[in-house]
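The values are calculated or read from the model by the stated rules, or taken from the named source; none is laboratory data. Given the structure is predicted, the values throughout are model-derived calculations rather than measurements. When we count neighbours, we look across all protein chains shown, and the Cβ atoms used for this are built from the backbone with ideal geometry, even at glycine.
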Amino acid sequence: MTANAIFPAEHPDITFSSESSTLFSRCESMNFGDLHFKWDAETQLRAIIAIHSTKLGPALGGCRCLAYVSEVDAINDALNLSQAMSYKAAITGLKQGGGKAVLMKPPTIADRKKYFQSFGDFVESLGGRYITAVDSGTNPEDMDYIASRTQYVASTSRSHGGSGDPSPFTALGVRYGIEAAVRHRLQRETLTGLHAVIQGVGHVGYYLAKELHKLGVNLTVADTDGTAVKRCIDEFGTSAVSPDEIFSVPCDIFIPCALGGVINPKTVKKLNCKIIGGAANNQLSDSTLDEILAARHILYAPDYVINAGGLIQVSLDDPVEIEARINDIPNILDEIFTRAKAEMRPTGAIADIIAKERFYASAPTLSRPHNEG
């Protein structure tokens, strides 16, 4: 593992914290590649790029811009998400490595263009080992700013010749994955009349609500953004509850589409569903929760499989191949569900085995993707 810290000259005394030994131990246990940092005083950019692996190709992963509580939370998110991206690329057959960028969003971004151009310089400094893209808190216009400084960026706006927002493709893959889960768990070929709960109706959650509404699914939604909730109520006639209440709503399908770690020891006790499948990354705060879900007969569609549509879209140029790969998501899930039932093991554990078989062949055992933040 290598770790690069890029700081301006006026901050020569910045060093790793006293927890650095723990950080290196975690990176070693996760078979990590490298971890890079950049601080730009002018734009207030505090950026982390985690490259889990470039074994199968350049590390591809989104750029997340959020107001993290602490640097530790931001680093954990970068590490966990980039490892999950390696698994996601491997299990869907993409020739990409796993990476992720985390930007610790300041209270105010004075000049968004300069802010993301500075991040673009950071990406460029890695020489193509990491390719960035849209993620939580960023959009195609931000990618356009990044593209003015580096070629190693995907999902720029269509007006700039890019592929645009990958959210609709992520949502489509999740919809196909939910259909596979319903066939397996409920022995139903259609979703009509089922009740689904969507936690988070921003970009992907909104598009998924649109897909499911067309299929006759009854929807209940929740989001911290009241405007996003109102849009779903107005357009799809959904019901709405508070973010705290969403976990307890009786339903057929619980769909996490917000941030990671939403299924945790506290919320797992509240769940009243038969299936979990959504767009959020690192949905389980701890891998042992997978076993708890299995014991409760809640079928969990592993997040990095069901939400792979966005990665597929930004990784490939050929629309026909993109469609074929997204159409293959339910087939991958069918294999996971069937093996899990036959081997009496949780679905997440089976997904990890398949990902490791495809990614590492006979390499050492990896830890499960998880969220500790």
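If you go through the stretch 153-174, how many residues are surrounded by 16 or more Cβ atoms within 10 Å (Cβ to Cβ) and either touching a Ser or Thr at 6+ places or on another chain (Cβ under 7 Å) or within 22 Å of Ser118 (Cα to Cα) (or both)? Summing the residues that are surrounded by 16 or more Cβ atoms within 10 Å (Cβ to Cβ) and either touching a Ser or Thr at 6+ places or on another chain (Cβ under 7 Å) or within 22 Å of Ser118 (Cα to Cα) (or both) in the stretch 153-174 gives 10.
Every listed requirement among (1) touching a Cys at 6+ places or on another chain (Cβ under 8 Å); (2) under 24 Å from Phe359 (Cα atoms); (3) among the aromatic types (Phe, Trp, Tyr) is met by Phe119 save one, (2).
To keep it simple, each residue is scored yes or no on (1) under 25 Å from Met344 (Cβ atoms); (2) buried (at least 19 other Cβ atoms within 10 Å of the Cβ).
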site: Gly261; (1), (2): no, yes
site: Leu289; (1), (2): yes, yes
site: Tyr304; (1), (2): yes, yes
site: Gln313; (1), (2): no, yes
site: Glu321; (1), (2): no, no
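Just one of the numbered conditions (1) surrounded by fewer than 22 Cβ atoms within 10 Å (Cβ to Cβ); (2) over 20 Å from Val134 (Cα atoms); (3) modelled with pLDDT of 75 or more is not true of Asp13: (3). Can you say whether Ala59 is small (Gly, Ala, Ser) and more than 13 Å from Ile131 (Cβ to Cβ), as far as the supplied structure shows? No; evaluated as a whole, the condition is false for this residue.
What number of residues within the stretch 336-349 satisfy the criterion of being assigned to a helix (DSSP H, G or I) and either aromatic (Phe, Trp, Tyr) or surrounded by 15 or more Cβ atoms within 10 Å (Cβ to Cβ) (or both)? Show your work before the answer.
From the stretch 336-349, those assigned to a helix (DSSP H, G or I) are 336-343, 347-349; that's our starting set.
So of that shortlist, the ones also either aromatic (Phe, Trp, Tyr) or surrounded by 15 or more Cβ atoms within 10 Å (Cβ to Cβ) (or both) come out as 336-337, 339-340, 347-349.
Of the residues in the stretch 336-349, 7 are assigned to a helix (DSSP H, G or I) and either aromatic (Phe, Trp, Tyr) or surrounded by 15 or more Cβ atoms within 10 Å (Cβ to Cβ) (or both).
Considering only residues that are part of a loop (DSSP other than H, G, I, E, B) and of a type in the set (Val, Ile, Thr), look in the stretch 139-160 and name the one that is nearest to Leu126 (Cα to Cα). It would help to see each step written out before you state the result.
As a first pass, look at the stretch 139-160 and keep what is part of a loop (DSSP other than H, G, I, E, B): 139, 148-152, 154-157.
If we keep only those that are of a type in the set (Val, Ile, Thr) too, we end up with 150, 156.
Numbers: Thr150: 10, Thr156: 19 Å.
Result: Thr150.
Filtered by the rule that a residue be in contact with a Pro (Cβ under 8 Å, 6 or more places away or on another chain) and either free of Cβ contacts under 8 Å to residues at least 40 places away in the same chain or among the charged types (D, E, K, R) (or both), the stretch 328-349 gives a lone residue, Ile336.
Hey, can you tell me all the residues within the stretch 94-114 that are assigned to a strand (DSSP E or B) and over 16 Å from the mean Cα position of the chain (by Cα)?
In the first step, residues of the stretch 94-114 are kept if they are assigned to a strand (DSSP E or B); the result is 97-104.
Of everything in the stretch 94-114, just one residue is assigned to a strand (DSSP E or B) and over 16 Å from the mean Cα position of the chain (by Cα), namely Met104.
Please pick out the residue among Gly177, Gly205 that is buried (at least 19 other Cβ atoms within 10 Å of the Cβ), assigned to a helix (DSSP H, G or I) and in contact with a Gly (Cβ under 6 Å, 6 or more places away or on another chain). Testing whether each residue is buried (at least 19 other Cβ atoms within 10 Å of the Cβ), assigned to a helix (DSSP H, G or I) and in contact with a Gly (Cβ under 6 Å, 6 or more places away or on another chain) leaves just Gly177.
Going by the structure shown, is Thr170 of a type outside the set (Asp, Glu) and not in a helix (DSSP H, G or I)? Lay out the reasoning, then the answer.
Working: of a type outside the set (Asp, Glu): yes; not in a helix (DSSP H, G or I): no.
So Thr170 does not fit the description; no.
Which is at negative phi and touching a Cys at 6+ places or on another chain (Cβ under 6 Å), of Val174, Val201? Val201 is the lone residue from the list that is at negative phi and touching a Cys at 6+ places or on another chain (Cβ under 6 Å). Only one of Thr192, Thr150, Thr132 is modelled with pLDDT of 95 or more, out of contact with any Cys (no Cβ under 9 Å at 6 or more places or on another chain), buried (at least 19 other Cβ atoms within 10 Å of the Cβ) and of a type in the set (S, T, N, Q); which? Only one candidate qualifies: Thr150.
Of all residues in the stretch 171-193, those that are within 15 Å of Thr338 (Cα to Cα) have Cβ atoms under 6 Å from Cβ atoms of residues that are acidic (Asp, Glu), 6 or more apart or on another chain, in Ala180/Asp334.
Of the numbered criteria (1) touching a residue at least 12 places away in the same chain (Cβ under 8 Å); (2) surrounded by fewer than 21 Cβ atoms within 10 Å (Cβ to Cβ); (3) polar (S, T, N, Q); (4) over 16 Å from Val314 (Cα atoms), the one Ser53 fails is (2).
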